[in-house]
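The structure's right below; bear with me while I get my questions together.
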Amino acid sequence: MHEFLIWFWVFYFCRFWELDFELLRVFGNYRPFQIRICVISITALGIWLVLYFLGHNMSFTGPSVGSGGRTVRRALEFGRTYVVRPKGRHQATVVWLHGLGDNGSSWSQLLETLPLPNIKWICPTAPTQPLSIFGGFPSTAWFDVGELSEDAPDDIEGLDASAAHVANLLSTEPADIKLGVGGFSMGAATALYSATCFTAGKYGNNNPYPANLSAVVGLSGWLPCAKTLKNRLEGTDEARRRATSLPVLLCHGKGDDVVVYKFGEKSSRALSSTGFQDVTFKSYNGLGHYTIPEEMDEVCGWLTSKLGLDGSS
């Protein structure tokens, strides 16, 4: 019965969240008030259920622990990938990563409307996996996260797996096509981690990183492994050269109450202080944890400039 109630809440929370997201994208903060109330109410109910059952020693499935206390991660299975073909001459391919609990479809629909006819968009869907921040409940996520704080441990294994998936999606693109990666929220964090793997020339597990990135975009996100980035990039001229030349665009709303504004600001400073010399940080007054046309216009102009897009067919 406990499991049924939890899954019942998860199902309806996801459905109302998805509906609210779609309405938000179309109407902004003017989306129907009734939907916003439903989302808030269902979220509150879910929090109460989780706290109640946790208080009654309900156990949730999470990463298993093998002999000797070693954490054993289950094999990650990535979801469906959505592709938006270029309407004009193909000059660049960008992998775009969605946020926590979302999928590649919603962003592919938005990206298809942008005035960027020379970009091929690849929108993968993250694996469904237990999340520590949800007490072990499964959700689509690029890596595990326990909390959004500066002292929270980074899931290197999950980050490496998702960064490798991005690189694999880019591996079949023609040699003359410029490659990029971008994302929103947790997707932005994964995109920025991919940027650090590219500049270091290797993943966190020291395996070589194969993709040659030309642009990175992060909306409402944060930089994973920021405290160890300086050490990762020290000692090689090639890493310094890549960091110097890689363009990075970060955008963040000052009203974001999910990934708070200071995380975006500190991520920008961390990149700049470790040798990234082409970092652009844009802030938006009143913007919460979503995107707006003004922000997407900024992304379009920036990509056109940094990737040298001509807009011709």
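With the structure loaded, tell me whether Gly99 is in the same structural domain as Ile292 (by TED's automatic domain parsing), of a type in the set (Gly, Ala, Ser), over 13 Å from the mean Cα position of the chain (by Cα) and part of a loop (DSSP other than H, G, I, E, B) or whether it fails that test.
Details: in the same structural domain as Ile292 (by TED's automatic domain parsing): yes; of a type in the set (Gly, Ala, Ser): yes; over 13 Å from the mean Cα position of the chain (by Cα): no; part of a loop (DSSP other than H, G, I, E, B): yes.
For Gly99, the condition - in the same structural domain as Ile292 (by TED's automatic domain parsing), of a type in the set (Gly, Ala, Ser), over 13 Å from the mean Cα position of the chain (by Cα) and part of a loop (DSSP other than H, G, I, E, B) - is not met.
Something else about it: Please go through the stretch 96-152 and give me each residue that is of a type in the set (Gly, Ala, Ser) and within 26 Å of Asp176 (Cβ to Cβ), ordered by number. Spell out how you get there, then give the answer.
Narrowing the stretch 96-152 to residues of a type in the set (Gly, Ala, Ser): 99, 101, 104-106, 108, 126, 132, 135-136, 139, 141, 146, 149, 152.
Of everything in the stretch 96-152, those that are of a type in the set (Gly, Ala, Ser) and within 26 Å of Asp176 (Cβ to Cβ) turn out to be Gly104, Ser108.
Every residue in the stretch 261-288 that is surrounded by fewer than 18 Cβ atoms within 10 Å (Cβ to Cβ) and in a loop (DSSP other than H, G, I, E, B), please.
Gln277, Asp278, Asn285, Gly286, Gly288
OK, next. I'm trying to understand the selection: among the residues of the stretch 186-238, which are more than 21 Å from Glu147 (Cβ to Cβ), in a loop (DSSP other than H, G, I, E, B) and in contact (Cβ under 8 Å) with a residue 40 or more places away in the chain?
Gly201, Tyr203, Asn205, Asn207, Tyr209, Pro210, Ala211
Any residue at all in the stretch 115-129 that is of a type in the set (Gly, Ala, Ser), buried (at least 21 other Cβ atoms within 10 Å of the Cβ) and either touching a Pro at 6+ places or on another chain (Cβ under 7 Å) or at positive phi (or both)?
No, the stretch 115-129 contains no residue that is of a type in the set (Gly, Ala, Ser), buried (at least 21 other Cβ atoms within 10 Å of the Cβ) and either touching a Pro at 6+ places or on another chain (Cβ under 7 Å) or at positive phi (or both).
The values are calculated or read from the model by the stated rules, or taken from the named source; none is laboratory data. Worth saying up front: this structure is predicted, and the values here are computed from it rather than measured. All Cβ positions, even for glycine, are placed from backbone atoms using ideal geometry, and neighbour counts span all protein chains on display.
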